1. Assess whether residue 121 counts as being part of a loop (DSSP other than H, G, I, E, B), surrounded by 13 or more Cβ atoms within 10 Å (Cβ to Cβ) and either out of contact with any strand residue (DSSP E or B) (no Cβ under 6 Å at 6 or more places or on another chain) or in contact (Cβ under 8 Å) with a residue 24 or more places away in the chain (or both).
2. Of the conditions (1) assigned to a helix (DSSP H, G or I); (2) in contact with a Ser or Thr (Cβ under 8 Å, 6 or more places away or on another chain); (3) over 21 Å from residue 272 (Cα atoms), residue 162 fails just one. Which one is it?
3. Given the options 89, 67, 106, name the one that is closer than 16 Å to residue 350 by Cβ and aromatic (Phe, Trp, Tyr).
4. Is the stretch 2-22 home to any residue that is at pLDDT below 90, part of a helix (DSSP H, G or I) and farther than 19 Å from residue 282 by Cβ?
5. Look through the stretch 293-337, keep the residues that are in a helix (DSSP H, G or I) and of a type in the set (Gly, Ala, Ser), and return whichever of them is surrounded by the most Cβ atoms within 10 Å (Cβ to Cβ).
6. Please go through the stretch 165-198 and pick out each residue that is touching a His at 6+ places or on another chain (Cβ under 9 Å) and more than 28 Å from residue 213 (Cβ to Cβ).
7. Identify all residues within the stretch 242-274 that are among the hydrophobic types (A, V, I, L, M, F, W, C), in a helix (DSSP H, G or I) and surrounded by fewer than 24 Cβ atoms within 10 Å (Cβ to Cβ); write none if there are none.
8. Does residue 46 satisfy being farther than 30 Å from residue 311 by Cβ and either surrounded by fewer than 18 Cβ atoms within 10 Å (Cβ to Cβ) or in contact (Cβ under 8 Å) with a residue 40 or more places away in the chain (or both)?
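The values are calculated or read from the model by the stated rules, or taken from the named source; none is laboratory data. Treat the numbers as computed from the prediction; the structure is a model and nothing was measured. Here the Cβ positions follow ideal geometry from the backbone for every residue, glycine too, while neighbour counts run over all protein chains shown.
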Amino acid sequence: MNRYYLYLIVLNMLINVIMFVPKILIEYRYNGAVMGMLVAIPIGFGLNLMFTKAIIRFPEKGFPEIFATAGGKRWFITLLFGIISFSTFSAGLISLLGFVDILRRFVNPEMPFLYLLSIFLFGILMIIRFPTDRVMYLLEIVLFLNTPLIVFIIFKAFTSEYLVWDSILEVGTHLFVRPSIKSIAAAAYVFSGYTNLLIFNRIIKGKVKAWNFLIVLFLGLINLFTTFLIPIGFHGADGAQEYLYPWISTSDSLRLVYSPIERVIFIFLIFYMGITLMSVSVHWHVAYELLKGTYKKSIKKDWIVLSVIACCAIAGALFLNTLLLNRITGYWMVIRFGLEIIVVCGFFIWARRKTG
């Protein structure tokens, strides 16, 4: 079992629990979300399988190392790296802005948004400059500390007396409604943690065996339906639509009677601080390393890239309110889905020809 590969997949699945995927799926609960998930599972898993099988043909090499010796036109490689970097950076930015907004709404409404953002930015910009193996070691520590407790909270949600299965079954009756591309794209994003292998393949040693893929498929099924159905079970098929962050409101419906902190929402957010920090750091580390692959080694250019990343994050905080961010994220999911299919299929064909 290749644990580093699984860490990247699990991290992406965990961050999707509280961010925009459940909101999009619940929005389409009567309009094809269930069928959309069933369609997205083989597509997302298939893309995962294709890309992983292709990139492990180049042991311990990321995209910059693979294409540095592959030949081809430099302008095309620079353009490709730029497009992928922007997609990866925007994934991290959406998660960062969303979680900072959650903290401001549910923890400290009086704290300025930019102040909260700057705290996260300081830590993230330090982490993304680490070597790839150190970023992975830090991710491993965060997952081992937080994942068991998050799984316990999800278990409490499943076993809660306030979970109404009739609401879940009501949504299930819309199984055969034609899905929208947005619901398919949002559901497929659950499997997209493999895209971080663009850089993190540098530390993947040996083959990724079949057991890893079976675990990913199993975890993806559980994560996807849990993310979608639990808020509906707590708030009703109609009521779940009224929340900007359905899972945050769901966690506030839970209580740990014998815990020092009874309200689960505060424990939930504390655990997710580390998960969000690492998710954004991993995405931005990939974007940072890809951009570094487009020019010769230069400390000055490295700092310019970091400055641009910080400025874009601050600009996003200034100009994107919550509703606009939700709307943009829906379109971004569709664009990312199309880009992901093109890049994965193109790289899979190229890798097979290159390695025979």
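1. no
2. Condition (1) is where residue 162 drops out.
3. Numbers: 89 fails: closer than 16 Å to residue 350 by Cβ; 106 fails: closer than 16 Å to residue 350 by Cβ.
Every option except 67 fails the conditions.
4. Yes, the stretch 2-22 has at least one match.
5. We begin by selecting, within the stretch 293-337, every residue in a helix (DSSP H, G or I); these are 299-319, 322-337.
Next, only the ones that are of a type in the set (Gly, Ala, Ser) stay: 307, 310, 313, 315-317, 330.
Values: 307: 11, 310: 16, 313: 24, 315: 11, 316: 17, 317: 21, 330: 17.
Selected residue: 313.
6. 167
7. 248, 264, 265, 266, 267, 268, 269, 270, 271, 273 - these are the residues of the stretch 242-274 that are among the hydrophobic types (A, V, I, L, M, F, W, C), in a helix (DSSP H, G or I) and surrounded by fewer than 24 Cβ atoms within 10 Å (Cβ to Cβ).
8. yes
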